[in-house]
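Single-structure report; data block below.
The values are calculated or read from the model by the stated rules, or taken from the named source; none is laboratory data. Everything quoted here is computed from the prediction, not taken from an experiment. Cβ: placed from backbone, ideal geometry, glycine included. Neighbour counts: every protein chain shown. Remember, those area values only see protein heavy atoms, side chains included, never the ligands or the DNA or RNA. Shrake-Rupley method; radii C 1.70, N 1.55, O 1.52, S 1.80 Å.
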Amino acid sequence: MSVRIERPRAAVLHDKVTPDSPADEQDNLRQASEIATALERLGFAVQSVALSCDLSRSLSALRETRPNVVFNLVESIEGDGRLAYAATALLEVEGLPFTGAGTRGLLCSGDKRIAKRLFAAAGVPTPEYACNGTSVEHWGDDTVGIVKPACEDASIGIDAQSVVRGGRRLSAELEARRRRFGGPWFVERYIDGREFNVALLASHDGVEVLPISEIYFVDYPSGRPRIVDYEAKWDPGSRAYLHTPRRMISPNDERALCDELARIALDCHRILDLGAYARIDFRVDADGQPFVLEANANPCLTSDAGFVAAAAQAGISFNQVVERIVDASRIVHSRSAPVGRVASASGMLVNDCRLSAAN
């Protein structure tokens, strides 16, 4: 008599995406498809679940699937990045093992103001910032700043006009962006220099720093700020997209810089509790001083993304990346905090967000 062996079950949890959704949200759906294919190759029975504001429906789908692991790819809920942490909060309450950062990591990294406060308190170099117009006006007429959304990633809301000189002009741009897009915004001092991405991938032996990549700004017009804005990231036909190639840097050529970026990135991972994988974005000024711009919990894992390219440079295939992330989730889940502690930590972070918004 033949014995039927049941395959382990995986759910891929992703954003709810419609045909009218913008390019960054469509990319989340492509990511979910590629991850599902990799999981199937690894022997899992896979079901994809879209997370919407109707949390009870998504929860019912997960309960029906009864997954051994949930591969969490949620970046926003119906387009709002401020709600991304709700995915892990839901999974933690249900006791379902999941990949990537937990609720604390997503809350701390998901609001860039909170992350910057924690970095500054720990001595991690990060550009000065301000959250209200009055504070920004005191920066002076020669200060160059960049206006950013506090709780969005993927360069959402950032364009060539985001970089402004002068405190009063920065204050006016901050208020204009708030009125136009809604949600919390802040101003960060602009670091004119090189841009680097440091990808981190956990294993049973600890967190591995993958080969470091640099974003090059090739033949940029003198009047255009050297930033990876929304156009550079998501419009393949644009000049900005075509002139911001990514290249791995050789540690043999810049050993001291690579070591410093790796050290700081690992500090960021520890401070924010970023889980199985993450990406830390840096600017390095003309004096060689690195500054952390932001930490990305659960960064993009599409086959052409920077994280996967860094892994490939280290000899780690796409399937192996997925496998290592799933394996790490089992270790993290085995020592995860009880629900009471998660709820308490969430309350503390919400209060911290209120404090940072008042800066």
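Listing for the model above:
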| quantity | calculated |
| --- | --- |
| Matching residues in the range 243-255 - criterion: being free of Cβ contacts under 8 Å to residues at least 60 places away in the same chain, surrounded by 15 or more Cβ atoms within 10 Å (Cβ to Cβ) and under 28 Å from Asn28 (Cβ atoms) | His243, Thr244 |
| Residue among Ala199, Ala232 that is among the aliphatic types (A, V, I, L, M), at negative phi and assigned to a helix (DSSP H, G or I) | Ala232 |
| Any pair with Cβ under 7 angstrom, 6 or more apart, that starts in the range 39-50 at a residue that is in contact (Cβ under 8 Å) with a residue 12 or more places away in the chain and ends at one that is part of a strand (DSSP E or B) and among the aromatic types (Phe, Trp, Tyr) | Leu39/Phe71 |
| Identity of the residue in the range 167-201, under 19 Å from Ile264 (Cα atoms) and open to solvent by 10 Å² or more (accessible area, probe 1.4 Å), that ends up nearest to the chain's Cα centre (by Cα) | Asn197 |
| Residue selected from the range 127-145 under the condition closer than 12 Å to Ile191 by Cα and among the β-branched types (Val, Ile, Thr), by the criterion least open to solvent (accessible area, probe 1.4 Å) | Thr143 |
| The range 190-210 - residue that is among the aliphatic types (A, V, I, L, M) and at pLDDT below 95 and, of those, farthest from Glu254 (Cα to Cα) | Ala202 |
| Among (1) open to solvent by less than 50 Å² (accessible area, probe 1.4 Å); (2) assigned to a loop (DSSP other than H, G, I, E, B) - the single one Ser222 does not satisfy | (1) |
| Members of the range 116-135 found to be modelled with pLDDT under 95 and touching a Lys or Arg at 6+ places or on another chain (Cβ under 8 Å), listed by number | Cys131 |
| Residue within the range 102-115 that is farther than 25 Å from Cys300 by Cβ and either surrounded by fewer than 24 Cβ atoms within 10 Å (Cβ to Cβ) or without any contact (Cβ under 8 Å) to a residue 60 or more places away in the chain (or both) present | no |
| Identity of the residue in the range 155-165, at pLDDT 90 or above and in contact with a helix residue (DSSP H, G or I) (Cβ under 9 Å, 6 or more places away or on another chain), that ends up farthest from Ala232 (Cα to Cα) | Val164 |
| For Gly123: the one exception among (1) surrounded by fewer than 18 Cβ atoms within 10 Å (Cβ to Cβ); (2) touching a strand residue (DSSP E or B) at 6+ places or on another chain (Cβ under 9 Å); (3) farther than 30 Å from Glu34 by Cβ | (2) |
| Check on Ile156, open to solvent by 30 Å² or more (accessible area, probe 1.4 Å) and not in a helix (DSSP H, G or I) | yes |
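This table checks each residue for (1) surrounded by fewer than 20 Cβ atoms within 10 Å (Cβ to Cβ); (2) at pLDDT below 95.
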site: Tyr241; (1), (2): yes, yes
site: Leu257; (1), (2): yes, no
site: Ala262; (1), (2): yes, no
site: Ile280; (1), (2): no, no
site: Asp285; (1), (2): yes, no
site: Val292; (1), (2): no, no
